[in-house]
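**Q** What follows is a structure written as structure tokens; I'll ask about it next.
Bear in mind that the values in this text are calculations on the coordinates, not laboratory data. This one's a predicted model, so the numbers in the text were calculated from it and none came from an experiment. In this analysis, Cβ positions are derived from the backbone assuming ideal geometry, glycine residues included, and neighbour counts consider all displayed protein chains.
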Amino acid sequence: MREVVFALEFRGTAGPVVGSATERRATSQAPSQRLTTVLADDGVEARVEPMGGERAVLKSRVERFGDGSFVEDGTITYGRAGTISFETVGRGTVASSPIPGWTRGAVVWTITGGDGVFAGAQGLITSNFTVSVNGDVVDNHVARLYLRER
């Protein structure tokens, strides 16, 4: 097995499923990108720069609970390289953001399957996200995947 660690910023939408009080659906995309972090005397400078290459597409189903926790499952397709499926480890959490009109949350997913380059993949993805009252999502992932040798 080989280890691959990477980060992506996804943007998209999330919203309730008609007829369900607890279920939501989310769809977002991330272009190939460069993330830059510089630790400066006056703080942290961060940039996300889109680059040429393929896009990652996330599609998920979320079930929310009254205490602000949730479980999620879905897929992420990493361009033509392949797709992983995932589910929540334990429960994720959602709470109010200090920025009006937004909520914030986090979740850890475990890989449950994959195809293409990701056949037999194992690993975890952390998701740290914000969602606006209009359903706009900004979702930052850090993935640590273990892939079969090619």
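**Q** Can you give the FRET efficiency for SER132 and VAL18, using 1/(1 + (r/R0)^6), R0 = 25 Å, r = Cβ-Cβ distance, to the nearest 0.05?
**A** Details: r = 20 Å, r/R0 = 0.80.
Once the sixth-power term is evaluated, E becomes 0.80.
**Q** Continuing with this model, one more query. Got a sec to turn the phi values of the stretch 80-94 into Karplus ³J(HN,Hα) couplings, 6.51 cos²θ - 1.76 cosθ + 1.60 with θ = phi - 60°, whole Hz, x for Gly and Pro?
**A** 7, 5, x, 10, 10, 10, 8, 8, 5, 8, x, 9, x, 9, 10
**Q** Hey, another quick one. Roughly how big is the chain's charge dipole about its Cα centre, with Cβ charges of +1 (Lys, Arg) and -1 (Asp, Glu), in debye to the nearest 20?
**A** 380 debye
**Q** Can you sort ARG34, ARG11 by how many other beta carbons sit within 10 Å, fewest first?
**A** Numbers: ARG34 9, ARG11 13.
Fewest to most other Cβ atoms nearby, the residues stand as ARG34, ARG11.
**Q** Another question, then. Return the FRET efficiency for the residue pair SER85, VAL44: r is the Cβ-Cβ distance, R0 is 30 Å, and the value is rounded to the nearest 0.05.
**A** Efficiency, from the Cβ-Cβ distance: 0.35.
**Q** A further question follows. Explain nothing, just the number: relative contact order of the chain, from Cα pairs under 8 Å at least 6 residues apart, as a whole percent.
**A** That works out to 24 percent.
**Q** Let me ask something else. In what order do TYR78, TYR146 fall by count of nearby beta-carbon atoms within 10 Å, going from fewest to most?
**A** Neighbour counts put them in this order, fewest first: TYR146, TYR78.
**Q** Which distance in Å, rounded to a whole number, links the C-alpha centroids of the stretch 1-75 and the stretch 115-150?
**A** 7 Å
**Q** Can you sort VAL142, VAL107, VAL133 so the residue with the fewest Cβ neighbours within 10 Å comes first?
**A** Values: VAL142 14, VAL107 24, VAL133 9.
By the 10 Å Cβ count, ascending, the order reads VAL133, VAL142, VAL107.
**Q** Turning to a different aspect of this structure: Taking the dipole about the Cα centre of the chain, with the C-beta of Lys and Arg at +1 and of Asp and Glu at -1, give me whichever of MET1, SER69, ALA143 is farthest to the positive side.
**A** Positive-end residue among those listed: MET1.
**Q** For the chain, list log₁₀ I(q)/I(0) at each q in 0.09, 0.16 Å⁻¹, using the Debye formula over Cα point scatterers of equal strength and ignoring solvent, two decimals each.
**A** Values, matching the q order: -0.30, -0.93.
**Q** Using 7 Å Cα-to-Cβ label points, what is the ILE99/MET51 separation (nm, one decimal)?
**A** Distance between the two pseudo-spin positions: 2.5 nm.
**Q** Please name which of PRO100, SER132, SER32 has its Cα lying farthest along the dipole of the stretch 2-147 towards the positive end, using unit charges on Cβ (Lys, Arg +1; Asp, Glu -1) and the Cα centre as origin.
**A** SER32
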